[in-house]
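I have placed the structure first, in the form of C-alpha cells, so that the comments after it can refer back to it.
We did not get these values from a lab; they are worked out from the coordinates using the rules stated. Fair warning: this is a prediction, and the values are worked out from it, not measured in the lab. Note that we place each Cβ from the backbone using ideal geometry, even for glycine, and neighbour counts take in every protein chain shown.
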Amino acid sequence: MAAICGRIHRDSLSAVTVSRVSVHQEPGRAAVNPDAFKAALGRWASGITVVTAQGPDGPVGLTASAFSSLSLHPPLVLVCIGQASSHHDHLVGAPGFGVHILGAAQEDLSNTFAFNRSDRFDGLEVEEGPLGIPLLPGTLARLACEHHAVTDGGDHSILVGRVIGATVADGDPLAWWQGGYRRLDLT
C-alpha cells in the first residue's frame, strides 16, 4: 500500500505533500498531514447553506457547507457546527433549526452569515416557522427541522434534524470548491 500511495503521490499529487505522521497523531495510529487533509477535502465540491435557530436574545445563524441528507424514512438531515462558533450552543440546543440552501446569486447572504457579525439578520424579512425557527426568504430551498440528535464529531458537533417542512424554488445552486464560491450552470 505504501508503494502504491508513493507512486500516486509522485505522479498525481506533486503539489501536495502526503505524510503518515503529524502533530495530531494519537499513540499507535498513523495520521495525515493537516495541510494534505485540507487540500484533499478542498477537492470535494459542496453546496452552501445558512443554518438558523432561535436563540435566547433573538435569531442566530451561520454559514455551513458540511450538510447532508441522512435518511428518507424518517426524513433526516445533518449539519456540522464548529464547536468554536459563538452560535454553537444555541444551534445545537434549540428545539428546531432551519437549513437554507443558497442559490447562485446569494454569495452576499453566505458572507453575511459566515463572519462573526451582530447584524446578520438586519434587513432580512425573516419568517417565523414551526418551533419558532427563523426562516430566510428567497433561498433555493428551505428545510424546517426538529432537533433529533447531536453527536460529537471532533472539533464539530453533528446536529441531526427531522425535517418537518420543506420549500423549494427554481434556480442554480451556489457551490464551494477549493476555497472559493463556484456557480454551476445547469441550464
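Potential lengthening of the chain between ASP185 and LEU70 amounts to 38.8 nm, from the contour at 0.36 nm per residue minus the alpha-carbon distance.
When Rg and the Kirkwood Rh are both derived from Cα coordinates, the Rg/Rh ratio for the range 57-187 amounts to 0.93. One decimal place: the segment ASP170-VAL150 gains 4.1 nm when fully extended, by the rule 0.36 nm per residue minus the C-alpha distance. Calculated FRET efficiency, GLU125 to ALA31, Cβ-Cβ distance, R0 = 41 Å: about 0.30 to the nearest 0.05. Each peptide in 106-119, 128-141 receives the mean, over its residues, of other Cβ atoms within 10 Å, and ordering these scores from highest gives 128-141, 106-119. Rounded is the label for the range 116-177, because the ratio a/c of its alpha-carbon gyration tensor axes (a ≥ b ≥ c) stays below 1.5.
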